[in-house]
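Below is one structure; the comments refer to it alone.
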Amino acid sequence: MTNPIANDRTDRLRQAVADALAEKTPLTITGGGSKVFYGRETTGKVLSVEQHRGIVNYYPSELVVTARAGTLLSDLQSELAQAGQMLAFEPPSFNAGATLGGTVACGFSGPRRPFTGSVRDFVLGCRIINGKAEVLSFGGEVIKNVAGYDVSRLMAGALGTLGVLLEISLKVLPLPEAELTCCFELDAEKAFDRMTKLANKALSISGLSYDGGRLYVRFSGAEKAVRAAAAQTGGDAVTAEPDYWRQLNEQRHEFFQTGQNLWRLCLPSATPPLALEGHWYYDWGGGLRWLKSEEPAARIFALAAQAQGHAVLFKGQDRTGDVFQPLTGKLQEINAHLKKAFDPAGLFNPGRMYREW
């Protein structure tokens, strides 16, 4: 385990925020830079948390780990693996510099997300520096620790707009005893029907995706349960390439090698295909849909909203416009109040999520 005393940059980071507040200088919070492509373009003085790293506490028997925001995701995963445990939300890295803070701030979850939960579901607590240069703690290192608002989980997916993440406490889970992936050659209509049926069965599924021609199903758990579940799916199942899920999660699959706009749509899994031109890739049993398209952003946002979902321009050539699904009504009001409460001077990552803040 990393020495919990070494590499603690809390005082330096707090002072940097205090100086920025006094000088009214916006800050761009960065870690390893693995997800710099995500969100709107923003300008500001760089505040790096990359050196604020290290595992502070790890209790394998309690399934809880606390680490600093600059801790490399690979280092944390290696430490967990030695104890036979894992980050169950299966976060992508995109490159070797990925940090825990960036992972939580972006809120990315992998193929296991609909079956085990999202990154937000596993956050137990955190320490942050708010826009008043105050060090605040929320939650803790035990699961039954929430009274009132679960503030720590607000940081998941906030893209650093609410504060500088210092430490995050997470629930972890044991590594599965066995995993098996099967694939089926199916057209889109049959694939959607199969995904819906599989998702409603009590099977040990941990991955369910469709690439436009092949449906991939991953089973995880005890070896007997995995083999029984695979046999129950029927059809002409074959063992798929072992690194398929990693390629999908890290966007190394050929589908993602493109210069087109790449959209990420989260929709109810049973939603029929949307009337949008482009190429599709389906994950999360149809709940996560990747779209390569040059359709206007307004049209994509509108159709996603009509389907009771939301869209994000995950990677795009122009990030000066709307990237995230526009907020309206009470949701917009609540988000604006949260931003004002945590960062009243608008210091942190201005414009990264929305033009207004």
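Starting from the Cα gyration tensor of the range 22-130, take the square roots of the eigenvalues, sort them a ≥ b ≥ c, and report rounded, prolate or oblate (rounded when a/c is under 1.5, otherwise prolate if a/b is larger than b/c, else oblate). The shape class here is prolate.
Length gained on full extension, Lys132 to Ala341, computed as 0.36 nm times the residue gap minus the Cα-Cα distance: 74.3 nm.
Under Stokes-Einstein, with the Kirkwood radius over Cα pairs standing in for Rh, what whole-number D in µm²/s applies to the range 63-218 at 20 °C and 1.002 mPa s?
Details: Rh = 17.0 Å.
The estimated diffusion coefficient comes to 126 µm²/s.
Return the loop-located GluC sites (Glu not before Pro) in the range 90-199 (DSSP other than H, G, I, E, B) with at most 13 other Cβ atoms within 10 Å of their own Cβ; answer none if there are none. Write down the numbers at each step before the final one.
On the way: sites: Glu134, Glu141, Glu167, Glu177, Glu179, Glu185, Glu189; in loops: Glu134, Glu141, Glu177.
Here the GluC sites (Glu not before Pro) that fit, given the DSSP loop and packing criteria, are Glu134, Glu177.
Which FRET efficiency, nearest 0.05, do Glu185 and Tyr59 yield, Cβ-Cβ r, R0 56 Å?
On the way: r = 46 Å, r/R0 = 0.81.
Efficiency, from the Cβ-Cβ distance: 0.75.
Summing +1 for each Lys or Arg and -1 for each Asp or Glu among the other residues whose beta-carbon sits under 13 angstrom from that of Ala341 gives 0. Would you work out which of Ala222, Phe255, Thr271 lies farthest towards the positive end of the dipole of the range 207-309, given +1 charges on the beta-carbon of Lys and Arg and -1 on that of Asp and Glu, about the Cα centre? Looking along the dipole axis, the top candidate is Ala222. What a 1.4 Å probe finds exposed on the range 294-350 is 57% carbon and sulfur by accessible area, rounded to a whole percent.
Computed over protein heavy atoms with a 1.4 Å probe, the accessible surface of the chain works out to 46 Å² per residue.
Students often get this wrong, so try it: which of (1) 38, 22, 19; (2) 34, 26, 17; (3) 42, 24, 21 is semi-axes √(5λ) of the Cα gyration tensor in Å as calculated from the structure shown? The value computed from this structure is option (2). Relative to the Cα centre, the charge distribution of the range 183-234, modelled as +1 at Lys and Arg Cβ and -1 at Asp and Glu Cβ, gives a dipole magnitude of about 260 debye. Rg/Rh, computed from the Cα trace of the range 208-357 with Rh as the Kirkwood radius, has the value 1.06.
For a test of the definition: using alpha carbon positions, the gyration tensor, and the 1.5 limit on a/c, classify the range 150-293 as rounded, prolate or oblate. Here the range 150-293 falls in the oblate category. Restricting the calculation to Cα atoms, the range 302-357 yields a radius of gyration followed by a Dmax of 12.6, 36 Å. The slack between Ala225 and Lys330, meaning 0.36 nm per residue of separation minus the straight C-alpha distance, is 33.3 nm.
The values are calculated or read from the model by the stated rules, or taken from the named source; none is laboratory data. Just so we're clear, the structure is a prediction, and the values are computed from it rather than from any experiment. A quick note on method: Cβ atoms are made from the backbone with ideal geometry, for glycine too, and the neighbour counts reach across all protein chains shown. Surface areas here come from the heavy atoms of the whole protein model, side chains and all, with no ligands, DNA or RNA. Shrake-Rupley method; radii C 1.70, N 1.55, O 1.52, S 1.80 Å.
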